Every structure is written in C-alpha cells, then in structure tokens.
Amino acid sequence: MNEGEQVDLEQLRKDVQELKDIEAIKRLRARYWQLVDAQEWDAWGEEILTEDFWFHSDAGVHEGRDLVVETMRQSLTGGKTVHHGHSPQIVITGADTATGVWPMNDYVTIDTPSGSPYVIRGYGYYHDEYRRTPAGWRLARCRMERLRVDTEGEYGV
C-alpha cells in the first residue's frame, strides 16, 4: 500500500458480500434450468422458488409455488426442454433483495396426441426478482418475455 492510501475495510466487506450474493443468484438460476429440464418438479419448487412465487409467461400469470409447480409438471411432463440463460444483469437492491435480467433461449418439444411433436424455440429475456430466505436466495417473481418464437407442428393435434 502506498503512503496515504487507506483500505476501507467496511466497503471491502460490502463489495465481497455483493459479489457472493450475485454468484449465489447465478447458481440459483442455473439450478432452476437444470431442474426444469430434468423435470425434477419437487426439487425445483423447494430449492428455487419462494412460497409466494409469481410467474408470468406465454401461458399467463400463475401465483403460488404449489400452483406453478403443478402447472409446469402438467404442461411439460413427457416433453423435452433445453433452457439457456446467459450474461445476467443482476442488481442487489437491498440486504435481502435483488433483481436480474437474463437473455435466454429455450427449446421445448411436446408430444401431441397425433404422435407428431410440437416444437417451440423461444428467444428473449427473464425478468426476475430474488429474495434471501433462511434457506438462501430464492426466486420470488419471474416474467418470461419471449421476443421471438419459432414453432414446428401443431399443438393439440
């Protein structure tokens, strides 16, 4: 350290905590996609979502962890999904709150009664709100915004 330089230890502690929180949120979001793609619905609900989780997607708005988990289970069981998110913009907004915007793409294949798959390729953003709980960071709100959707096949045929 040069003469006259002072280390602000309190600011350093805050900066390190913020970096740790951002990394924990990145890991939470990565685990979110892993569990959805593996269709591990119970783990997804317990490990990722707050009890009052709010989700807005192409399918509308769903509120409450149990309802969202059951809706996803019914919608995707038997299908195959691949979700990717990258380059997040995460902002710590309070001691126990944060927001994030994730560029994303998803690839969803759903079997139809005719046996022909219905395929969705979506591109856009996830707009998230996170909350620190006694169990760690959890996703409290998510708005999935698809800017482009490419489809193949017919749903429900």
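Quick look at the numbers
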| read-out | value |
| --- | --- |
| Residue list for the stretch 113-150, restricted to those being exposed (fewer than 14 other Cβ atoms within 10 Å of the Cβ), farther than 22 Å from V61 by Cβ and not hydrophobic (A, V, I, L, M, F, W, C) | P113, S114, G115, S116, T133, P134, G136, D150 |
| For T81: the one exception among (1) among the β-branched types (V, I, T); (2) over 20 Å from E47 (Cβ atoms); (3) buried (at least 16 other Cβ atoms within 10 Å of the Cβ); (4) at pLDDT 95 or above | (2) |
| Strands (runs of 3 or more DSSP E) wholly inside the stretch 47-157 that include at least 2 residues being among the hydrophobic types (A, V, I, L, M, F, W, C) and farther than 17 Å from V36 by Cβ | 89-94, 97-111, 136-152 |
| Pairs where the first residue, in the stretch 28-44, is surrounded by fewer than 18 Cβ atoms within 10 Å (Cβ to Cβ) and the second is assigned to a helix (DSSP H, G or I), C-beta under 7 Å, 6+ apart | R31/E47; R31/I48; Q39/L76; A43/L35 |
| All positions within the stretch 45-63 that are surrounded by fewer than 16 Cβ atoms within 10 Å (Cβ to Cβ), without any contact (Cβ under 8 Å) to a residue 24 or more places away in the chain and either among the aliphatic types (A, V, I, L, M) or over 17 Å from R29 (Cα atoms) (or both) | A59, G60, V61, E63 |
| Tally, over the stretch 1-27, of residues that are hydrophobic (A, V, I, L, M, F, W, C) and either in contact with a helix residue (DSSP H, G or I) (Cβ under 6 Å, 6 or more places away or on another chain) or surrounded by 12 or more Cβ atoms within 10 Å (Cβ to Cβ) (or both) | 3 |
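The values are calculated or read from the model by the stated rules, or taken from the named source; none is laboratory data. A quick note: this is a predicted structure, and the numbers were derived from the prediction, not measured. Cβ coordinates were reconstructed from backbone atoms using ideal geometry, including for glycine residues, and neighbour counts include every protein chain displayed.
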